[in-house]
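Below is one structure, written out as structure tokens, with a few remarks after it.
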């Protein structure tokens, strides 16, 4: 993971997570960078990867396929991923599964590269902007809480041959699984109105 993605998660993703939260990371990078941040914050760390690597490590969660986690629904307070969604063939199905395993009121937080050139892993399908996340969250029945897109820190020197010297940009988005709605007193309602798109922080363009 490059530094701009990591800094975006540190500034705009991590503050949403409370100490003691059970957090599942999808597709951890080889250096476990998000794990370090999450454990420093006091989160209870779990991880899953489609390769099912490291099954003996504490916090391992198996995957039955690219869109199926081997865990009960409502298991985590948050699911996070960094530089993974661009490699997912059908991210709308992937996000539905992430929504399933997060508890009502819990969060799904994704960050992805935007300026980065093609990098297979083994697929490289998407470069998402905030409006793309709003559409995907709506499909997955997540409320849009916050989106950010931009540049924070320079690209690292060792990435220059791949990325080039131009400004590196990334997108981060936070979605929330809605809480069940209680019907008004004396009324019995069966209809599910579905989540409405949220808004970013005050003053933020998204």
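Computed from the coordinates by the stated procedures, all read-outs in this text should not be read as laboratory data. Keep in mind it's a predicted model, so treat the numbers as computed, not measured. Please note: Cβ atoms are built from the backbone with ideal geometry, for glycine as well, and neighbour counts cover all protein chains shown.
Observations on the model:
- Tilt relative to the chain, helix 91-101 - C-alpha long axis, 0 to 90 degrees, to 10: 60 degrees
- GNM on the chain, alpha-carbon springs under 10 angstrom: the most fluctuating residue among 170, 74, 120 is 120.
- Alpha-carbon gyration tensor eigenvalues x 5, square-rooted, for segment 1-120, Å: 19, 18, 14
- DSSP-defined antiparallel bridges as percent of all bridges, the chain, nearest 5: 50 percent
- Projection of the Cα convex hull of segment 31-83, averaged over all directions and equal to a quarter of that hull's surface, yields 4.1 nm².
- For the pair segment 1-29 and segment 38-72, the centres of their Cα atoms are 15 angstrom apart.
- Full-stretch length increase - residue 10, residue 129 - with 0.36 nm per residue and alpha-carbon distance subtracted: 41.0 nm
- Every pair of different Cα atoms in segment 74-173 enters the Kirkwood calculation, which places the hydrodynamic radius at 14.3 Å.
- In terms of the mean number of neighbouring beta-carbon atoms within 10 Å, the peptides 22-30, 48-56, 75-83, 126-134 order highest first as 75-83, 22-30, 126-134, 48-56.
- Cα radius of gyration and Dmax for the chain (Å): 17.2, 66
- Our summary gives the chain a relative contact order of 21 percent, counting only alpha carbon pairs under 8 angstrom and 6 or more residues apart.
- Per-residue [θ]222 nm for the chain (sum of -39500 (n - 2.57) over DSSP H runs n ≥ 4, rounded to 500): -5000 deg cm²/dmol
- Compared with the dominant Cα axis of the chain, that is its longest principal axis, helix 130-139 is turned about 40°.
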